[in-house]
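Every read-out reported here was derived from the displayed coordinates using simple, explicitly stated rules and does not represent laboratory data. The model shown is predicted, which means the values in this text are computed figures rather than measured ones. A quick note on method: Cβ atoms are made from the backbone with ideal geometry, for glycine too, and the neighbour counts reach across all protein chains shown.
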Amino acid sequence: MIVYLVFLDVPGFGEAFLRRSAPAMEDAGPGILWGDMFNWHRCKLDPMRNVKYVNLLCLCVISVSLLQQDCGASEGLSVGQWARFERPVNSTGTYRNAYADVTLDVTYEDPDGKKTKFWGFYDGGRTWKIRFMPNRIGTWRYDAVFSDGSGRISGTFECIPSGIPGMISADRINPIWFGYSSGRHVLIRSFHVGDRFFAENWPAARRKAFLDWAQTQGYNMLSVASHYLNRDAEGRGRGWKTPDLWPLDAAEYRKAEVILSDLAARKIMVYPFAGFFGQSSDFPVAHQDQILYIKYVLARWGPYWNILFNVAGPEPRIKPGEFQNAMSWADVNRLGRQIRELDIFAHPISIHNPSGDDPYKNEDWLSFVTLQGWKGTDLREIYSGMLKNHHHSKPLYAQEVFWPGNKYHKIRNEADIRKKAFVLMMSAAAINFADMDGNSSTGFSGSMDLADRNQANHDIVRKVWDFFETIDFYRMNPSNETVDTGFCLAEEDRRYLVYLDKNRTVNVSVRPGRYRVTWINARDTSDSRHTGMTNDGRNLSAPNAVDDWLLLLVAEDAVDITSPNRR
């Protein structure tokens, strides 16, 4: 947000306000103060002849757009790290198709002199824009020129620290988990929402009410249907006026960006359930048009830190007719590589698969595994399925694995929800939860009407996530061979976490040493019981007959990771 303060005779009313709002202003006198909430600049004015100074403060809000809330001033003196730098550029040219007939080529130079080439995008009328996400603190330079010579701009901007945690990516310590490019860690708490989420004919007040609830509930990612393209099927996207991204129309993208920017400001990430090339949508089929579409999306949305990419979905391999017979194995790999190669920001990218193993797991373009299946409550089968699909350097997103209320997901009660949530976390899977009443467009997930929610189910999963936030989960890996029963996460030599879905005695094959023994009640993880030490991890039994327990073994010289204040 850019604010201009025009003031006369500051020493009276307004002086204290201005000194509070802009501490850098040392003196009074008529002038103009302008800037954002973090950076203020002052231009003095000469007193006007025959004008009596009065204690007058005129506040003019020039831009209050949501698009500015986490991207810094679009006119470019400073921008937050991993936020969005943006500048408009005008062209004097005349084009039959402004989206395709000319390119706006941009070179960015970081504070160390490294250059990155990117491109701008047409935004309507005679206006193009350049948009970028700087990842290094310091002074950046940019130079943008139209391919036909019809215009050019250049300049600098300052990248300053921000509250953005970094680009969503694989964790830098242990890439089987998600993390941020800054090195910060994140526990994904994802929720699936239906086709109306981006629709202009779904009231904004209802969207806000849902998002306020989701934030309070702790969700930090949404899996969104009919995004990017509308799933034109009855009971799905049909009738919902979602942004129509193809054929290219800048106004349609701006509609989506208002919501994407709100999500970024709320620190909520976005997974597009159907991806670039969605089921029952009007995506481009000609290869040249596909590249044009991909590059336009990247130019506009690539600089968002909170976006994951999906080539196509749901289930292009088993429903070819619903993908215009244009999403074969070869097509998916071709498009996946093109998106990966064109995306200078390296967003996580995957493909929405049918039930079963991820056949693209080892493809070079794919950066995280997406799974559907294991929809029941056979905990051993679920755990084995997740472990089978793990890649040593890629996170795993259990996208369509845990959807209570969905007609294909056999989850019967609250105990099933708790136990499945624990087992998925023990398998190092990022959970995408849901609250449905039939298919994926029904129930609370479909309506996002708070009256439709099953609050108890959300609270159960939240408690499981909250427990894992108290430990260094990102240092741990599934280690099923370490135990003779239950499910194990381990940081070898340091700590072992075992989940027992039934009250049993367990043997843990620990490395030689002394370990503190703590039992944690899975129904109420605040019930934590220290029961002494073990040298060999053998014959460890839960305190009583309560159904499911967690066992934590921590090496004697390691930090205690069960502190309730640890985050």
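Things to note:
- Dipole size of the range 160-282 about its Cα centre, with +1 on Lys/Arg Cβ and -1 on Asp/Glu Cβ: approximately 440 debye, rounded to the nearest 20.
- Annotation: amide H-H contacts under 5 Å for Asn477 (H modelled 1.01 Å from N, sequence separation of 5 or more, or interchain): Ala490, Glu491.
- What separates the Cα centres of the range 392-470 and the range 480-508 is a distance of 23 Å.
- Compared with the dominant Cα axis of the chain, that is its longest principal axis, helix 379-389 is turned about 50°.
- Furthest towards positive pole of dipole, Asn97, Gly302, Gly356, structure part the chain, Cβ charges: Gly302
- DSSP beta bridges fully contained in the range 134-254 are about 75 percent antiparallel.
- In this Cβ point-charge picture (+1 for Lys and Arg, -1 for Asp and Glu), the range 437-532 has a dipole of about 500 debye about its Cα centre.
- For the peptides 446-454, 374-382, 532-540, the ranking by mean Cβ contacts within 10 Å, running from highest to lowest, is 374-382, 446-454, 532-540.
- For Gln399, the amide hydrogen comes within under 5 Å of the amide hydrogens of Leu371, counting only partners 5 or more places away or on other chains and with H modelled in the peptide plane.
- Cα-based Rg of the range 198-271 normalised by 2.2 N^0.38 Å, two decimals: 1.12
- Signed unit charges on C-beta, dipole axis of the chain, positive-most listed residue Leu500, Val311, Leu335: Leu500
- Cross-link check: pairs Lys267/Lys410; Lys208/Lys410; Lys410/Lys463; Lys117/Lys241; Lys255/Lys295 evaluated at a Cα-Cα cut-off of 24 Å; pairs beyond the cut-off: Lys267/Lys410; Lys208/Lys410; Lys117/Lys241.
- Integer Hz, Karplus 6.51/-1.76/1.60 couplings in order for the range 521-528, x for Gly and Pro: 6, 5, 7, 8, 6, 6, 8, 10
- The angle between the Cα long axis of helix 414-426 and the longest principal axis of the Cα atoms of the chain comes to about 80 degrees, rounded to the nearest 10.
- Acute angle (nearest 10 degrees) that the helix 287-301 long axis makes with the longest principal axis of the chain, alpha-carbon atoms: 80
- DSSP finds beta bridges in the chain, and of those with both partners inside it, around 75 percent are antiparallel.
- Label zone (Lys319, point 7 Å along Cα-to-C-beta; backbone nitrogen cut-off 16 Å) within the range 416-440: 438-440.
- Per-residue extension of 0.36 nm, minus the Cα-Cα distance of Ala545 and Thr92, leaves a gain of 155.3 nm for this segment.
- Label-to-label distance, nm, for residues given as His530 and Lys463 (7 Å Cα→Cβ offset): 2.4
- Extending 7 Å from Cα along the Cβ direction at Asn135 and again at Asp493 yields two label points whose distance is 3.1 nm.
- The equivalent ellipsoid of the chain has semi-axes of 46, 31, 22 Å, largest first, where each one is the square root of 5 times an eigenvalue of the Cα gyration tensor.
- Taking amide hydrogens as placed 1.01 Å from N in the peptide plane, the amide H of Val89 sits under 5 Å from those of Trp128, Lys129, Ile130, each at least 5 positions away in sequence or on another chain.
- Net charge in the neighbourhood of Ser427 (other residues with Cβ under 12 Å of its Cβ; Lys, Arg +1, Asp, Glu -1) is +2.
- Ranked by the mean number of other Cβ atoms within 10 Å of their residues, highest first, the peptides 202-214, 476-488, 393-405 fall in the order 393-405, 476-488, 202-214.
- Electrostatic dipole magnitude of the chain [Cβ: Lys, Arg +1; Asp, Glu -1; Cα centre; debye, to 20]: 320
- Relative to one another, the C-alpha centroids of the range 199-227 and the range 302-317 are positioned 18 Å apart.
- Counted over the range 182-469, the DSSP beta bridges are approximately 5% antiparallel.
- Modelled spin-label separation between His392 and Thr127, with each label point placed 7 Å from Cα along the Cα-to-Cβ direction: 5.1 nm.
- Cβ-defined net charge surrounding Asp452, 9 Å radius [Lys, Arg +1; Asp, Glu -1]: -2
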